[in-house]
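Peer 1: Please see the structure below; I have some questions.
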Amino acid sequence: MYSNGVAPRQLSRDECLRLMASVPVGRIVYTRQALPAVDLVNFTLDRGDIVIRTDRGGTLAAATRGAVVAFETDSLDPVGQAGWSVTVIGQSHEVTDADEISRLEQIGLSSWAPGQQQNFIRISPGILSGRQLYALTAS
């Protein structure tokens, strides 16, 4: 038994993808000037990949072209001491195919960030892991 009354449970790949699809925001972790950087981004899942929109000339777009990145999303209930977290590590690449860009523009992914978010970055999960935490009930 865990001393704080919270038990973790490993999530299956399908559970991870289902939970990720239930939230609009995640965190992308990448390298900027040889240091780790984290940005909060809107995302969607498309064919099992994570897709984000960025400013074509922005730092995030430049830093993630062809890079290995991490992506994390979660949902937490501090009062109930419950929640879940999913982490993805994978190769990211800029979407350059005109037909693919046209299709992605139709899926309704928008960004909360200001400016022109015309660039799509796709992250293909190489490693996908998740944990769910829930409070244990007393018997």
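For every residue, the table says whether it meets (1) in contact (Cβ under 8 Å) with a residue 12 or more places away in the chain; (2) under 30 Å from Pro8 (Cα atoms).
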| site | (1), (2) |
| --- | --- |
| Ile28 | yes, yes |
| Asp39 | yes, yes |
| Asp46 | yes, yes |
| Asp55 | yes, no |
| Ala62 | no, no |
| Ser85 | yes, yes |
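Peer 1: Can I ask one more? Quick one: which of Val79, Val23, Val29 is of a type in the set (A, V, I, L, M, F, W, C) and part of a strand (DSSP E or B)?
Peer 2: Selected residue: Val29, the only one of Val79, Val23, Val29 that is of a type in the set (A, V, I, L, M, F, W, C) and part of a strand (DSSP E or B).
Peer 1: Conditions: (1) out of contact with any Phe, Trp or Tyr (no Cβ under 6 Å at 6 or more places or on another chain); (2) surrounded by 14 or more Cβ atoms within 10 Å (Cβ to Cβ). Leu19 meets all but one. Number of the miss?
Peer 2: (1)
Peer 1: Name the single residue that is most open to solvent (accessible area, probe 1.4 Å) among those in region 82-108 being assigned to a loop (DSSP other than H, G, I, E, B) and not β-branched (Val, Ile, Thr).
Peer 2: Gln106
Peer 1: Then there's this: Say we look at region 54-74 and pick out the residues that are open to solvent by less than 50 Å² (accessible area, probe 1.4 Å) and in a strand (DSSP E or B); which of these is farthest from Arg131 (Cα to Cα)?
Peer 2: Thr54
The values are calculated or read from the model by the stated rules, or taken from the named source; none is laboratory data. Since we're looking at a predicted model, the values are computed, not measured. Reconstructed Cβ throughout: ideal geometry from the backbone, glycine too, with neighbour counts over all protein chains shown. Heads up: the accessible areas ignore ligands, DNA and RNA and are worked out on the full protein's heavy atoms, side chains in. Shrake-Rupley method; radii C 1.70, N 1.55, O 1.52, S 1.80 Å.
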